[in-house]
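*Asks:* Here it is, the structure in full.
None of the figures in this text is laboratory data; all of them are computed from the coordinates on show. Source: prediction; values computed, not measured. Here the Cβ positions follow ideal geometry from the backbone for every residue, glycine too, while neighbour counts run over all protein chains shown.
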Amino acid sequence: MMSEPAESTHTQLLSFVTIKVACGLSKTEVSYGIFDHREFCDQFIRSIIYCIENTNLQVYGFVIISDQIHLIVSSEGCKISEKLCVLKKISAREIIIQVGKKLNGLDADQSRNHKELRWFFNRFLNSDESSFWQKDDRFLELNIKDKDMKIEPISSSILTDHLADRERNYMQLGANAFTKLMMETMKI
């Protein structure tokens with residue numbers, strides 16, 4: 001585990017961060033993860049929007065995978081870890097609420113798929129904000145090859161537009177920005 005990078009006032013400091021769900025299951029137990037369901041991805045994006053607007057977390061790219069999320073972020077003022085704590089707390093609370101709604105919406109039929117979903121979602125419903133995410137976030141400082149390059153964060157309005165319009169895919173938006181930045185930081 002890497003420690004959080006020191007904040008810098010004179011250059012744009014980007015960090016690659018991985019956050020993982022604590023209630024994750026092995027692929028032998030179930031064949032999907034919490035973020036394989038679109039409504040939970042939506043909740044996480046709403047939490048990112050909140051943090052962009054209220055904590056000044058700057059998000060440059062992201063990738064949402066079944067049970068983990070990779071972000072490229074920066075922060076002005078307080079440490080990134082403090083802003084990620086807010087992001088994790090808000091997203092956990094909203095996702096757990098959404099899990100409850102999802103469970104209530106499942107038919108009581110006894111199909112194997114519904115039994116598996118009920119068992120899977122109950123694991124998350126029985127967690128709380130503080131235990132939804134793993135505690136050991138991973139931080140890696142990214143060094144941009146071109147020091148004069150100005151990198152713009154993804155704005156909350158763009159994310160909101162993509163969230164509201166199903167034709168515009170916020171997953172693709174985040175992944176494209178993520179990939180571009182990772183290529184800019186790789187030493188080739």
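*Asks:* So, counting K/R as plus one and D/E as minus one, what does the shell of residues with Cβ under 12 Å around residue 49 add up to? Present the calculation step by step, with values, prior to reporting the outcome.
*Replies:* Details: positive: 46; negative: 42, 53, 94, 161.
Net charge in that neighbourhood comes out at -3.
*Asks:* Could I ask something else about it? What distance in nm separates the two pseudo spin-label positions at residue 161 and residue 143, each 7 Å out from Cα along the beta-carbon direction?
*Replies:* It works out to 3.6 nm between the two label points.
*Asks:* Go through 79/180; 145/180; 20/150; 20/83; 147/180; 135/180 and tell me which ones have a Cα-Cα distance over 21 Å in this structure. Please list the in-between numbers first.
*Replies:* Values: 79/180 24 Å; 145/180 12 Å; 20/150 29 Å; 20/83 16 Å; 147/180 15 Å; 135/180 28 Å.
Too far apart for the 21 Å limit: 79/180; 20/150; 135/180.
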